[in-house]
Amino acid sequence: MGRAHAFLLLALSCSALALAACGGEAMSGAAHRAGAAPAPRGIRGERVGGEAAGTARLSDADCAALGRALRGQTGRRVGVAARPGPPLSRCRLSGHGVDVNVYLDTAHAAHQRYENRIVEQAQFGAPDPARVPHPVAGVGTPSAGEHEASWVPALSTLFAVRGNHFLTVAYAVAGWSRPRRLGAASDLARQAFRLGG
C-alpha cells in the first residue's frame, strides 16, 4: 500500500471518528425502526441537558498556590496573573524561560468539549506522533485506557477532564525535555483539579 493511500485511509478513519464524536452518529436500527429521534445535540456535539455547567474556578489564591508549585518545580521565580471568573478561569504563570497557562473550563458540556478537542487533535495531528494525543495515567477521571487525560508533545500541552471539569495545562520551560515537561504538567494538573474542584 502506498504512503498516500495509507494517509487517505487514516484521514477517512479520523473523519468518521470525528463525526461520531460530534453527534453525527446514525440512529441504531431498532431506534430507527421504532421512529425514535436521536438524542438532541448542541452545536459542539454536546448532549443537551446531559452535562450541566459548574461553578468551580481557579481563584486568585489557587493561582498563587500553582505559582508556588511551579517555582518549586523549576527553581525559577514566576509572576502570577489570574482571571478567576467561572466558567473559564485562567492562571498565567510566567518568568524567565517559563510560560505556563492553566485553564479550567466548567461551562455546559465541558466533558464533551474535551472529547471533541482530542478527536480534532488526533485528526489534524496525524501522521506526526508528536502532534497526536497520548493517554496520560493518573490525571483525569480513571478510565479504561486512561483516555481522560492526553498529552500533545508538539504543543507541550496536557488536556484532562474530571466529571464536567476540563483542564488545559500549556507547559513551556526553556531547556526541558518533553518527558520532563509532561511529568511537571501532570503534577500541576492534579493540584489544579484539587484546588478548583
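Highest mean packing first, where packing is the average number of other Cβ atoms within 10 Å per residue, the peptides 85-98, 157-170 line up as 157-170, 85-98. Exposure proxy for Ser143, Ser156: other Cβ atoms within 10 Å of each Cβ, ordered fewest to most, give Ser143, Ser156.
In order along region 72-89, phi translates into HN-Hα couplings of x, 6, 9, x, 10, 6, 9, x, 10, 10, 10, 10, x, x, x, x, 10, 9 Hz, rounded to whole numbers, per the Karplus curve 6.51 cos²θ - 1.76 cosθ + 1.60 with θ = phi - 60° and x for Gly and Pro.
Taking other C-beta atoms within 10 angstrom as a stand-in for reagent exposure, Arg131, Arg57 fall in the order Arg131, Arg57, fewest first. When you restrict to C-alpha pairs under 8 Å that are six or more residues apart and normalise by the size of region 60-196, the relative contact order lands at 21 percent.
Every read-out reported here was derived from the displayed coordinates using simple, explicitly stated rules and does not represent laboratory data. Here the structure is a predicted model, which means the values were calculated and not measured. So basically every Cβ, Gly included, is an ideal-geometry build from the backbone, and we count neighbours across all protein chains shown.
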